[in-house]
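K.L.:
Sharing a structure below in structure tokens format, with a few things to ask.
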Protein chains: 2
Amino acid sequence: MIENLRRYVPILDWGRTYDRTALSNDMIAAVIVTIMLIPQSFAYALLAGLPPEAGIYASIAPIFLYAIFGTSRALAVGPVAVVSLLTASAIGQVAEQGTAGYAVAALTLAFLSGGFLVLLGVFRLGFLANFLSHPVIAGFITASGILIATSQLKHILGVSAHGHTLPEMLSSIFSHLSEVNFITVVIGVAATGFLFWVRKNLKPTLKKLGVPSLMADVLTKAGPVAAVVSTTVAVWAFGLDDRGVKIVGDVPQSLPPLTLPGLSPDLLSALLIPAILISIIGFVESVSVAQTLAAKKRQRIDPDQELIGLGAANIGAAFTGGYPVTGGFSRSVVNFDAGAETPAAGIYTAIGLAIAAMALTPLVYYLPNATLAATIIVAVLSLVDLSILSKTWGYSRADFAAVAVTILLTLVLGVEIGVAAGVAISVLLHLYKTSRPHVAEVGLVPGTQHFRNIHRHKVETDPALVSLRVDESLYFVNARFLEDLVQRRVTEGCDVRHVVLIFSAVNEVDFSALESLEAINQRLKDMDVGLHLSEVKGPVMDRLKRSHFLNDLNGKVFLSQYDAWQNLTGDDRINIDSNIEG
Amino acid sequence: MIENLRRYVPILDWGRTYDRTALSNDMIAAVIVTIMLIPQSFAYALLAGLPPEAGIYASIAPIFLYAIFGTSRALAVGPVAVVSLLTASAIGQVAEQGTAGYAVAALTLAFLSGGFLVLLGVFRLGFLANFLSHPVIAGFITASGILIATSQLKHILGVSAHGHTLPEMLSSIFSHLSEVNFITVVIGVAATGFLFWVRKNLKPTLKKLGVPSLMADVLTKAGPVAAVVSTTVAVWAFGLDDRGVKIVGDVPQSLPPLTLPGLSPDLLSALLIPAILISIIGFVESVSVAQTLAAKKRQRIDPDQELIGLGAANIGAAFTGGYPVTGGFSRSVVNFDAGAETPAAGIYTAIGLAIAAMALTPLVYYLPNATLAATIIVAVLSLVDLSILSKTWGYSRADFAAVAVTILLTLVLGVEIGVAAGVAISVLLHLYKTSRPHVAEVGLVPGTQHFRNIHRHKVETDPALVSLRVDESLYFVNARFLEDLVQRRVTEGCDVRHVVLIFSAVNEVDFSALESLEAINQRLKDMDVGLHLSEVKGPVMDRLKRSHFLNDLNGKVFLSQYDAWQNLTGDDRINIDSNIEG
């Protein structure tokens, strides 16, 4: 009972042994993460098309809930770039940005996404995320990085543009080029340049100056804070907001409000598919971060329980003015590197952010949107990794095709079609590859009991005996291939008396393949040729025994191919109606 | 050049050796098939919602063209029940039955279907048909049989009903029950009863009376002709058409007309998906018949060339007043049993039908539709085979699910959704099965070099060495499963120093699986555990060599698991940075 509760509420597990050392380590990590999260949360809210406070709110209740239900000790949950992009794309289709309906749709999206994740977790269906292959994820993340960076150009230029695909965004920006605000451009370009410099050069410089590594890390991660402070001060001091520089403006000073997601059937059905997509992509990103960090401390995470943790976090976001969240890569790595030992670090971070939401929001009134755009651009360009194209090209053309299609369609037709096409092409290419399995005709390596491909090795063969090693599971996609292949091989040589199918690499025989085997057996019988099997695995044999195939088999099942060879060669015609071994 | 031409035009091959014996055998077969086809062609045209002559026309040019381009020597091409049903369902959505547009849509459907088949054949894409698993086909054919029989009830009852799904048809018939014409019912029920009796009992009865087997067969197959003649005479003699019995009426006396399929973009796009479906289902039916018959004479057919043969036949149908055709089961078996030796038998059949179309059509003026419906019902009920449900249930639940879903959805939502859902569920279930592959932890069988599952056999193990035999190809759907499994196993036991993955049944490692292996390698390295592979197949090894994985591997690749065992047990810590074997 308690054990069972602990499975679903991991806090009961690590909470029992929480001590002073863990407390101080967690506190230090929390302070560092909080400082980094304040500008990041504003920026991602901007990316999602939501008011800045939504980003902060989305980092408070979700962190608490994940700390209770999640299994990773270092994962930091909150708004992330890709999920923010997906959110903007999804709710942009049901509501106008800036309206109350838009914010409510974001809550609904978080609610649906959370509910779906909890459902998957309770039914232990986390494996569904595996349908997203690595090439599809890599292609999608890269394309998303490009889309996100492009979507922020309008803030850097100070124009109002829109669109959710690359062609839409670019043409919208071009048509608004006359409205460019040059002061905004100066702020945006300067902030971007500064942040790039911080990212690339600050840490080595600080290290050279003798700053300790952890401190250098913290200062580097605090780069956005510096950009935020300096550009905010500049706008305030020179009254740049009166000269067309768009600023964040009023942000309510409050704890996360209690909110209700919209639950109208129309809204729910419009957002269901995007919510599923966001859930799965968020889950995949989160689990891979969590697994990587857990391995470093020889811990493990439970992917199905992670679904429940992330689900709870999203449901929390839905009721506290947030939007969809997941475990973020950069914030989790910072948290881990800063020494977080338990999910309590997340709770302290949430408290820090709650204080910021109550006390610090007036300070960001003059913060220019261009600065936030700059932090987003610099953050997401690290997601763009076109080397996946060359890596997959070198390894396998099928994987390359999946990456290329995903990137292209995500950029041109949008995130949802991009991912769906990527999944579809991965599945189709896998089925295609297994539809023409490798089948080797083998012969005996003289003086041994081993059999090798007759086209690659010097082996003994017997014109009356054809031995075919099937290097693939047999199922409907390739069942008929085997029928054709056996028929072609047997009609080629008139002397063929026996065909042996070697099943050492056959892990499954489905009903279609069973019927193909029956057809092969029947056709070979019509030609007066025996059909035999060898090296059939236990589970496959168990399955075959449930059918009539073994009874009808015009031949035998041999434990090893060498047995088959000894029995079927030499004498002119052996008795094949005797017992069947199993 | 000539060889190449012969590949695409098989008539050049068998035509050279055509002799007098073949001629006489083919002629006899043609006469028998022609007699059987006349009522059958009318009936299937009725089923497709087309005028009766369309069924005859669809059996003339297509047979000629298939004789030239097809590879099966016994296949008889023409209208078949399932394709006629699919045709009615497809063109019922774009035109009203009985209008000129309806007949034109049928031509367009044949044209699109033919074009698609030729395309598949030229690009040798016949394997695409394999996506239809045997359970899906069996379920679909059974459900189609039920749908077709139900669709004919209205002709037996003499009411006008409509609908393309079982609930639609039944409710439509119930709402028209008051219009039932009792004379029609008498004709329909009598014809159905007679035909059932012929099918079940005539052949044994004739054999008992000493009639030779072939002749008994022919007489049995001619049963529909007897029903047609007697009911036609009855209607004519008693003027039953004036008492509400619906009759075939005027059928033009002519050779197949030259027709043009409608090519408006709207029509083409509306019929494209149904055309693809018809092509693939027709192709699957045709190829399985052709293969079965070819095997009986130790011949073989070329599935890709079959696509071209069937494609040409359908294009022929589109320009000669027909509708989609394929190789039919019953007509091909009759042709084969009657002794047809070459496709020339088909050509003679076509000539016979052409004569019938010119000379005999006035004779069917008084033929009641109820008789045609009776021939359809008796023919298609042999397609209904619910035993597939119990067969698949016994063999594998996944295959059972595919059959059940296909049957249910075909009946309730229609043929297109039924097939699509069947394909989708087959693919998903296959992916699900391979997503949780069987992985056995193995140990050494004492005194041998064999390794067996530690949970099933008494074997030697070493707490520092974990050997896992992976019984499945590794690809994106199961890549993460292996990550989790290895991590779980290694975090369980603190003494683990080495993990060996035995790849004897791994036929593929895709890019996702490669990245998972890299992640496993990295995580094990972080835990100071070595990762090794054994028994890697040649093609998999070749692929792995294209990546950095083998260079980064924190361990070795062993040719056999026994090598791995000898190297990794015994001494406290072996040197794992030495050479990599391949």
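K.L.:
Would you confirm whether or not segment B:93-107 contains a residue that is assigned to a helix (DSSP H, G or I), farther than 20 Å from residue B:307 by Cβ and in contact with a Pro (Cβ under 6 Å, 6 or more places away or on another chain)?
P.N.:
Yes: one or more hits.
K.L.:
Would you mind stating whether residue A:75 is within 30 Å of residue A:299 (Cβ to Cβ) and more than 14 Å from every other protein chain (Cβ to nearest Cβ)?
P.N.:
Yes, satisfied.
K.L.:
Then there's this: Give just the number: which of (1) small (Gly, Ala, Ser); (2) farther than 23 Å from residue A:281 by Cβ; (3) surrounded by fewer than 24 Cβ atoms within 10 Å (Cβ to Cβ) does residue A:29 not satisfy?
P.N.:
(3)
K.L.:
Then there's this: Exactly one of these conditions fails for residue B:421: (1) touching a residue at least 40 places away in the same chain (Cβ under 8 Å); (2) within 16 Å of the chain's Cα centre (by Cα). Give me its number.
P.N.:
(1)
K.L.:
What tally of residues in segment B:514-533 results from selecting those that are free of Cβ contacts under 8 Å to residues at least 40 places away in the same chain and either under 18 Å from residue A:507 (Cα atoms) or more than 8 Å from chain A (Cβ to nearest Cβ) (or both)?
P.N.:
Summing the residues that are free of Cβ contacts under 8 Å to residues at least 40 places away in the same chain and either under 18 Å from residue A:507 (Cα atoms) or more than 8 Å from chain A (Cβ to nearest Cβ) (or both) in segment B:514-533 gives 9.
K.L.:
Quick one: is residue A:105 touching a residue at least 12 places away in the same chain (Cβ under 8 Å), over 26 Å from residue A:263 (Cα atoms), surrounded by 23 or more Cβ atoms within 10 Å (Cβ to Cβ) and of a type in the set (Gly, Ala, Ser)?
P.N.:
Considered against the rule, which asks whether it is touching a residue at least 12 places away in the same chain (Cβ under 8 Å), over 26 Å from residue A:263 (Cα atoms), surrounded by 23 or more Cβ atoms within 10 Å (Cβ to Cβ) and of a type in the set (Gly, Ala, Ser), residue A:105 comes out as no.
K.L.:
Please tell me if residue A:81 is within 30 Å of residue A:358 (Cα to Cα) and among the small types (Gly, Ala, Ser).
P.N.:
Answer is yes for this residue.
K.L.:
Just name the residue that is nearest to residue B:135 (Cα to Cα) out of those in segment A:452-470 that are within 14 Å of chain B (Cβ to nearest Cβ) and surrounded by 19 or more Cβ atoms within 10 Å (Cβ to Cβ).
P.N.:
A:470
K.L.:
Could you tell me which of the residues B:81, B:61 is modelled with pLDDT of 90 or more and closer than 21 Å to residue B:285 by Cβ?
P.N.:
Answer to the check: B:61.
K.L.:
If you don't mind, there's one more thing I want to ask. Taking the residues in segment A:263-317 that are of a type in the set (S, T, N, Q) and within 14 Å of another protein chain (Cβ to nearest Cβ) as candidates, determine which candidate is surrounded by the fewest Cβ atoms within 10 Å (Cβ to Cβ).
P.N.:
A:299
K.L.:
Return yes or no: is residue B:255 of a type in the set (A, V, I, L, M, F, W, C), in contact (Cβ under 8 Å) with a residue 60 or more places away in the chain and either more than 30 Å from residue B:181 (Cα to Cα) or not assigned by TED's automatic domain parsing to the domain that holds residue B:327 (or both)?
P.N.:
So residue B:255 fits the description; yes.
K.L.:
Going through segment B:391-403 one residue at a time, which ones are closer than 24 Å to residue B:329 by Cα and surrounded by fewer than 24 Cβ atoms within 10 Å (Cβ to Cβ)?
P.N.:
Within segment B:391-403, just B:391 meets the criteria.
K.L.:
Can residue B:133 be described as touching a residue at least 60 places away in the same chain (Cβ under 8 Å) and closer than 30 Å to residue B:338 by Cα?
P.N.:
The answer is no for residue B:133.
K.L.:
Would you check if there is a residue in segment B:447-462 being in contact (Cβ under 8 Å) with a residue 40 or more places away in the chain, under 18 Å from the mean Cα position of the chain (by Cα) and on the phi < 0 side of the Ramachandran plot?
P.N.:
No, segment B:447-462 contains no residue that is in contact (Cβ under 8 Å) with a residue 40 or more places away in the chain, under 18 Å from the mean Cα position of the chain (by Cα) and on the phi < 0 side of the Ramachandran plot.
K.L.:
Name, by its number, the condition in (1) surrounded by fewer than 22 Cβ atoms within 10 Å (Cβ to Cβ); (2) out of contact with any Asp or Glu (no Cβ under 7 Å at 6 or more places or on another chain); (3) more than 14 Å from chain B (Cβ to nearest Cβ); (4) not hydrophobic (A, V, I, L, M, F, W, C) that does not hold for residue A:366.
P.N.:
Unmet for residue A:366, out of (1) surrounded by fewer than 22 Cβ atoms within 10 Å (Cβ to Cβ); (2) out of contact with any Asp or Glu (no Cβ under 7 Å at 6 or more places or on another chain); (3) more than 14 Å from chain B (Cβ to nearest Cβ); (4) not hydrophobic (A, V, I, L, M, F, W, C): (2).
K.L.:
Hey, another quick one. Considering only segment A:1-26, how many residues are farther than 19 Å from residue A:65 by Cα, modelled with pLDDT of 75 or more, of a type in the set (D, E, K, R) and assigned to a helix (DSSP H, G or I)?
P.N.:
Qualifying residue count for the region: 1.
K.L.:
Hey, among the residues in segment B:471-493 that are buried (at least 24 other Cβ atoms within 10 Å of the Cβ) and more than 9 Å from every other protein chain (Cβ to nearest Cβ), which one's nearest to residue B:522 (Cα to Cα)?
P.N.:
The selected residue is B:486.
K.L.:
A further question on this structure: From A:226, A:234, grab the single residue that is surrounded by fewer than 19 Cβ atoms within 10 Å (Cβ to Cβ) and over 28 Å from residue A:326 (Cβ atoms).
P.N.:
A:234
K.L.:
Restricting to segment B:255-289, count the residues that are within 14 Å of residue B:318 (Cα to Cα) and outside any helix (DSSP H, G or I).
P.N.:
Count: 8.
K.L.:
Still on this model: Determine if segment A:494-502 includes at least one residue that is surrounded by 22 or more Cβ atoms within 10 Å (Cβ to Cβ), more than 8 Å from every other protein chain (Cβ to nearest Cβ) and within 42 Å of the chain's Cα centre (by Cα).
P.N.:
For segment A:494-502, residues surrounded by 22 or more Cβ atoms within 10 Å (Cβ to Cβ), more than 8 Å from every other protein chain (Cβ to nearest Cβ) and within 42 Å of the chain's Cα centre (by Cα): present.
K.L.:
Do you know which residues across segment A:44-60 are closer than 25 Å to residue A:311 by Cβ and in a helix (DSSP H, G or I)?
P.N.:
Selection gives A:44, A:45, A:47, A:48, A:53, A:54, A:55, A:56, A:57.
K.L.:
Mind listing whichever residues of segment B:407-431 are in contact with a Pro (Cβ under 9 Å, 6 or more places away or on another chain) and more than 18 Å from residue B:150 (Cα to Cα)?
P.N.:
Within segment B:407-431, B:422, B:426 qualify.
K.L.:
Looking for whichever is in contact (Cβ under 8 Å) with a residue 60 or more places away in the chain, more than 14 Å from chain B (Cβ to nearest Cβ) and under 30 Å from residue A:201 (Cβ atoms) here; the options are A:388, A:407, A:347. Which one fits?
P.N.:
Matching residue, one of A:388, A:407, A:347: A:407.
The values are calculated or read from the model by the stated rules, or taken from the named source; none is laboratory data. From a predicted model like this one, the values you see are computed outputs, not experimental measurements. Glycine gets a Cβ as well: all are built from the backbone with ideal geometry, and neighbour counts include every protein chain shown.
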